[in-house]
Amino acid sequence: MWIPSDDIVLIEKGKKPGDPWVITVNCPDKTGLGLDICRTILDFGLYISKGDVSTDGKWCYIVLWVVPHSSTRAVRWENLKERLVSVCPSCSLSYYYAPPPPCKSSPIYLLKFCCLDRRGLLYDVTHILCELELSIERVKVTTTPDGRVLDLFFITDNLKLLHTKERQEETYEQLRRVLGDSCISCELQLADKHHEARQGTSSISPAVAEELFASEYSKKECHMQALSADLTQLKKAVVNVDNSLSPSHTLLQIHCVDHKGLLYDIVRTLKDHDVKISYGRISAVTKGHRDMDLFVQHKDGKKIVDSEREYLLCSCLKIEMLHPLRVLIANRGPDTELLVANPVELSGRGRPRVFYDVTLALKKLGICIFSAEIGRYSASDREWEVYRFLLDENCEYQLLTTDARNQIVDKVRRMLMGW
């Protein structure tokens with residue numbers, strides 16, 4: 001049995017202007033397939049308006065209705081299709097008799113450039129990299145006293161073509177177009193040892209770490225990070241468990257405030273707990289809220305009947321639905337620092353487009369970034385990806401005031417959550 005790759009993933013345009021595009025995936029099932037699909041869709045700046053999922057453990061059928069976010073330019077639908085096909089298992093008969101070859105990790109390249117600083121520079125570069133489908137793994141940005149910026153971007157190529165001269169020239173050309181005459185130098189090379197030396201992140205004070213990685217949604221966080229006129233709406237994350245409707249599956253009924261990447265956060269959490277979705281219905285948003293019915297099993301094919309496991313799963317789902325991204329402003333010596341953190345997948349991958357959204361929010365606020373870095377941090381028995389931005393004091397905001405800090409946190413979180 002063999003199915004052409006063109007039929008594994010189908011993408012259809014909406015019938016009327018403004019209607020969602022329909023993505024259909026019809027392929028053999030594999031562990032983590034749903035997460036790979038949701039991550040890819042999020043990486044392309046798309047919002048899942050509703051969806052249906054069905055799998056018998058061997059074959060899956062997924063239909064998702066998607067629309068581009070307002071901050072996203074024209075979507076390259078053919079590229080999206082190729083990316084989705086690449087995460088799907090082979091449809092050949094041999095797939096069932098021979099284990100698939102191990103996935104090779106994409107080589108990491110170091111993009112290094114020096115240029116004159118200006119407002120919005122970091123976002124403009126990040127935007128170009130996203131347009132080129134180059135994923136940002138790590139960043140180190142430093143501003144010198146004479147107004148120059150030294151940027152180190154550790155990137156991977158989703159098209160796996162960055163080793164070619166044509167792809168490198170395309171990258172140089174697009175960067176020069178953005179940087180213009182301010183560009184002093186620009187280099188691209190394999191990272192290897194450079195990347196290994198920057199796997200961690202600079203230390204975070206215990207007090208800041210406690211607040212940033214807290215497992216409970218405190219009243220202080222609710223005040224600092226709340227983005228709705230009615231704060232009680234944020235607390236409406238409900239997960240009901242029903243084992244009576246199916247002899248072999250547990251039904252999770254989810255009701256929560258909608259946000260960008262919600263399905264990604266739910267699927268990631270389920271995978272972390274070795275829970276797989278067999279059938280699912282993701283309803284359209286109603287008054288800012290989303291309902292989902294998910295029939296799930298533990299990875300051993302059994303229902304979730306253990307009360308402790310059930311409580312832990314529901315608690316973690318609620319946390320990820322309430323605040324999947326942590327946003328905080330703190331003092332770093334005499335400077336003001338913005339920190340954003342998100343959990344890392346068990347595969348080691350971070351959340352897509354976080355750096356893009358944060359730099360866009362800061363650009364819209366008129367705030368320049370003095371320095372920035374991305375690193376990893378272990379806390380609360382899990383690994384986190386931490387984005388750190390030292391903010392330039394020379395902006396329209398009085399960064400030391402509580403109101404200004406609340407406004408910055410509010411704007412950044414709204415951008416990250418798609419609100």
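Bear in mind these aren't lab numbers, they're just calculated from the coordinates by the rules spelled out. Remember, predicted model here, so these are calculated numbers, not experimental data. No Cβ is skipped: glycine too gets one built from the backbone with ideal geometry, and neighbour counts run over all protein chains shown.
Semi-axes of the equivalent ellipsoid of the range 1-69 are 22, 14, 10 Å, computed as sqrt(5λ) over the eigenvalues of the C-alpha gyration tensor in descending order. Basic side chains Lys and Arg get +1 at the Cβ, acidic Asp and Glu get -1 at the Cβ, and with that the dipole of the range 229-322 about its Cα centre reaches some 200 debye. So, counting K/R as plus one and D/E as minus one, what does the shell of residues with Cβ under 15 Å around Ser49 add up to? Cβ neighbours under 15 Å give a net charge of +3. Tally Lys/Arg at +1 and Asp/Glu at -1 over every other residue whose Cβ is under 13 Å from the Cβ of Asp242; what's the total? That works out to -1.
What's the FRET efficiency of Glu308 with Leu150 using the Cβ-Cβ distance as r and R₀ = 56 Å, to the nearest 0.05?
The computed FRET efficiency comes out at 0.65.
For the cross-link pairs Lys140/Lys364; Lys16/Lys299; Lys15/Lys160; Lys15/Lys260; Lys276/Lys411; Lys15/Lys236, the ones whose C-alpha atoms lie over 31 Å apart are Lys16/Lys299; Lys15/Lys160; Lys276/Lys411; Lys15/Lys236.
Over the range 229-322, the reciprocal of the mean inverse Cα-Cα separation, the Kirkwood hydrodynamic radius, stands at 13.5 Å.
Can you give me the Kirkwood hydrodynamic radius for the range 101-177, using every pair of distinct Cα atoms, in Å to one decimal?
Across the range 101-177, the inverse of the average 1/r is 13.4 Å.
Between His163 and Lys58, the contour length at 0.36 nm per residue exceeds the alpha carbon distance by 34.2 nm.
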